[in-house]
Amino acid sequence: MPAHYDAIVVGSGPGGASVAHTLARHGQRVLVLEQGSGAPLRGTLAQMAGIGAIPGKGAFFHRDASLLVRGLATGGSSTLNFATAATPPLERFAALGIDLAPALAECRAELPIGQLPDELLGPMAQRIMQAALASGLPWQKLDKMIRPAICRTGCWRCVYGCPYGAKWTARDLLDDARLRGALILDNAQARRVLLNQGRATGVEYCRDGAVHEASAGVVILAGGGIGSPRLLHASGLAPRSLPFISDPVVAVMGAVDDIDGGAEVPMAAGMALPEEDLSFADLTLPKPMYQAFALQVGRIDRLFAHRRTLSIMVKIRDLAGGGIGPYWVDKTLQPADRERFRRGTALARRILSQAGARHVFQSWHFAAHPGSALAVGGGGPAAVDSDLRTSTPGLYVCDASVLPAPWGLPPTLTLLALGKRLGCRLQEFL
């Protein structure tokens, strides 16, 4: 195994996989270090639990504290997300000196992005959509990163990592990068960025109980909204704690008598109200997740109503706050965040009422998009520039930690476009 590479990418989620794939496609020698496992996705709850959730401070005891989802596996968060391909806010990036349009067009041409056909829209998603439209709301199908030809009706496994290959994940890019010569190492925990005269020159990492070093012309951190800030701190390149956003979500649920379902692709349709800092989608969840939500809020009477329960996701654009420490994460709702949730859950309850749902209740909030601690254009102590460069020469970041806050969108497609753009720009001097 060579000790020197053109580029080392730390993390294999959408941003890291995209930049690694782009570099490998241009003939660069690339090493990808992934902390999680590359084991095949089986679509099981046990595997998801091992990949995903980490508690914020007080998450089990305080309803305003966040339970965060972080994808520790080859493919990162794409192994766990609901395959929603939200269009990046191009004008917002343009104002920061980033033209994402060309890279986005390439992503759309190369990847399976589009709305689900009607036959894959489940009965619960259909009922919610009909109720929202009857209420005069702009509910519509969402773009998904799913291959309809091999997607199965009555299936929920994209939530846990689709074992059939219907849901696209960043593993597809990594597989192609490997064919082009990239080395992908799973179970490789990056410990710190190596520096020489103030320039990033490699990474120290631990694998199979041994400590290794690899050097490279450039280092790209793509360990996610939590992982990259932590690694910067461990390398002495960022403060101990950095505020961040998390795009918190609650599920508002209610039962109907004339549907017997509970297994369908979640977030098939929804709406965004950017002026309200709110977005919504249907959120049919697997039975164990639904029951965990019911138990969390003491609704034991609803434990066995999963197959009849409509669920609506309410997501807010939260204010940056809290902090990411070396062994902890702290993100609690602020008063403005709680007010957004109040408005959003009231609207979700109105939709459920229109759908004929009864016994309505809502979960505590959780969050799946921690990010923006290193926000591009943010002006903070560790912010990156429009080329995703840190203040350390040779060191870049390409994951949710660079997203401009507040966010409020599923970030997968944005990170893929950012990774493609970064990979192309790095060709200028590699």
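Working only within segment 96-114, note down all residues that are within 19 Å of the chain's Cα centre (by Cα) and either assigned to a strand (DSSP E or B) or among the charged types (D, E, K, R) (or both).
Of everything in segment 96-114, those that are within 19 Å of the chain's Cα centre (by Cα) and either assigned to a strand (DSSP E or B) or among the charged types (D, E, K, R) (or both) turn out to be ARG108, GLY114.
Filter segment 69-95 down to the residues that are in a loop (DSSP other than H, G, I, E, B) and surrounded by fewer than 16 Cβ atoms within 10 Å (Cβ to Cβ) and list them by number.
Result: THR87, single match.
Quick check on my filter: what residues within segment 137-190 are in contact with a Lys or Arg (Cβ under 6 Å, 6 or more places away or on another chain), farther than 30 Å from LEU347 by Cα and not in a loop (DSSP other than H, G, I, E, B)?
Once the filter is applied, which keeps residues that are in contact with a Lys or Arg (Cβ under 6 Å, 6 or more places away or on another chain), farther than 30 Å from LEU347 by Cα and not in a loop (DSSP other than H, G, I, E, B), segment 137-190 yields only ILE184.
Identify all residues within segment 1-34 that are polar (S, T, N, Q), crowded, with 24+ Cβ neighbours inside 10 Å and part of a loop (DSSP other than H, G, I, E, B); write none if there are none. Write out each step before concluding.
Just the residues of segment 1-34 that are polar (S, T, N, Q), to begin with: 12, 18, 22, 28.
Filter again for crowded, with 24+ Cβ neighbours inside 10 Å, leaving 12, 18, 22.
The one that is polar (S, T, N, Q), crowded, with 24+ Cβ neighbours inside 10 Å and part of a loop (DSSP other than H, G, I, E, B): SER12.
For segment 294-341, what are the residues that are among the acidic types (Asp, Glu) and touching a Lys or Arg at 6+ places or on another chain (Cβ under 6 Å)?
Listed by number, the list holds a single entry, ASP330.
Of all residues in segment 325-354 being part of a loop (DSSP other than H, G, I, E, B) and either in the same structural domain as GLY225 (by TED's automatic domain parsing) or free of Cβ contacts under 8 Å to residues at least 40 places away in the same chain (or both), which is surrounded by the fewest Cβ atoms within 10 Å (Cβ to Cβ)? Spell out how you get there, then give the answer.
We begin by selecting, within segment 325-354, every residue part of a loop (DSSP other than H, G, I, E, B); these are 325-328, 331, 333-334.
Filter again for either in the same structural domain as GLY225 (by TED's automatic domain parsing) or free of Cβ contacts under 8 Å to residues at least 40 places away in the same chain (or both), leaving 327, 334.
Numbers: TYR327: 5, GLN334: 15.
Here the residue is TYR327.
Just to be sure, is GLY225 buried (at least 16 other Cβ atoms within 10 Å of the Cβ) and over 20 Å from the mean Cα position of the chain (by Cα)?
Answer is no for this residue.
For segment 355-386, how many residues are assigned to a strand (DSSP E or B) and more than 23 Å from ILE300 (Cβ to Cβ)? It would help to see each step written out before you state the result.
Restricting attention to segment 355-386, the residues satisfying the condition of being assigned to a strand (DSSP E or B) are 358-362, 366-367, 371.
So of that shortlist, the ones also more than 23 Å from ILE300 (Cβ to Cβ) come out as 367, 371.
Of the residues in that region, 2 qualify.
If I go through segment 396-420 residue by residue, how many of them are over 29 Å from GLU275 (Cα atoms) and out of contact with any Lys or Arg (no Cβ under 7 Å at 6 or more places or on another chain)?
Final tally of qualifying residues: 2.
The values are calculated or read from the model by the stated rules, or taken from the named source; none is laboratory data. Since the structure is predicted, the reported quantities are computational estimates derived from the model, not experimental observations. Neighbour counts are summed over all protein chains in view; Cβ atoms, including those assigned to glycine, are modelled from backbone coordinates with ideal geometry.
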